[in-house]
1. Taking VAL171, is it at pLDDT 90 or above and farther than 22 Å from VAL91 by Cα?
2. Would you mind finding the one in GLN8, GLN3 that is in a helix (DSSP H, G or I), exposed (fewer than 10 other Cβ atoms within 10 Å of the Cβ) and of a type in the set (S, T, N, Q)?
3. Can you find a residue in the range 124-139 that is surrounded by fewer than 17 Cβ atoms within 10 Å (Cβ to Cβ) and of a type in the set (Phe, Trp, Tyr)?
4. Here are ALA71, ALA76: which of them is closer than 17 Å to ASP56 by Cα, more than 17 Å from the chain's Cα centre (by Cα) and loosely packed, with under 14 Cβ neighbours inside 10 Å?
5. Please find, within the range 135-161, the residue that is nearest to the chain's Cα centre (by Cα) out of those that are within 18 Å of VAL60 (Cβ to Cβ), part of a loop (DSSP other than H, G, I, E, B) and of a type in the set (A, V, I, L, M).
6. Is it fair to say LEU119 is hydrophobic (A, V, I, L, M, F, W, C), in a helix (DSSP H, G or I) and assigned by TED's automatic domain parsing to the domain that holds PRO144?
7. Among the listed residues PRO180, PRO160, which satisfies the condition of being under 14 Å from GLU49 (Cβ atoms), in contact with a Ser or Thr (Cβ under 8 Å, 6 or more places away or on another chain) and either at pLDDT 90 or above or aliphatic (A, V, I, L, M) (or both)?
8. Those residues that are within 15 Å of the chain's Cα centre (by Cα) and among the basic types (Lys, Arg), I need them from the range 79-126; list them, please.
Amino acid sequence: MNQPQTPQQLRRNRLMLIALFAIFLGSLGVAGVLRLTGWRPAGMKNYGELLQPPGDLRAVTPELLEGGAYAWSPQARLWRIVLAPPERCGVQCPRLAEQLYTVWQLAGQDADRVQVLWLCPSPKCWVPQPLSRSPALRRINATPALRAGLPRSDDPHGVPVYLVDPNGFVVMRYAPGFDPAGLRADLAKLLKLM
């Protein structure tokens with residue numbers, strides 16, 4: 001049989017119960033304040049701009065510069081890094097080509113699930129080394145419909161880069177002069193999801 005509790009034990013048990021409720025409700029309160037102030041853990045942050053709503057390229061059938069259609073093929077689960085440089089890109093294109101080649105290489109075992117779509121404004125499109133020899137490169141004819149699906153692609157500050165999901169949605173935009181390490185981090189997270 002249970003012994004009746006002394007008044008001291010009852011008081012201690014009540015205080016323990018109140019402390020448990022205070023800890024539970026306090027942690028909910030702190031989480032609510034953090035959520036309302038916009039704080040997020042470092043692993044939850046994107047380096048690129050998350051497009052809301054995402055651009056929709058599903059109805060657009062890109063044309064390969066070498067001829068033929070480029071299919072989105074959602075079942076292949078390919079992520080695309082897309083850029084639409086102007087015809088006279090200058091020194092920015094060789095730097096972008098090198099950075100995107102490095103990002104593709106750092107995808108490691110998932111590199112075969114990443115393609116780089118270089119939108120060419122003319123048939124004489126030139127892609128700088130080392131990206132031009134990458135098996136991930138696809139040179140695409142930059143049609144008006146395709147460019148229209150890339151939000152703010154005619155940025156006066158330079159060439160933005162986009163991430164397109166396997167279905168053909170443009171989900172992220174990287175402003176000109178972006179840090180390629182951020183693109184690599186975002187891409188690594190997305191590759192793990194799909």
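The values are calculated or read from the model by the stated rules, or taken from the named source; none is laboratory data. What you see is a predicted model; the values in this text were computed from it and never measured. Here the Cβ positions follow ideal geometry from the backbone for every residue, glycine too, while neighbour counts run over all protein chains shown.
1. yes
2. GLN8
3. For the range 124-139, residues surrounded by fewer than 17 Cβ atoms within 10 Å (Cβ to Cβ) and of a type in the set (Phe, Trp, Tyr): present.
4. ALA71
5. The extreme case among them is LEU150.
6. So LEU119 fails the test.
7. PRO160
8. The answer is ARG80, ARG113.
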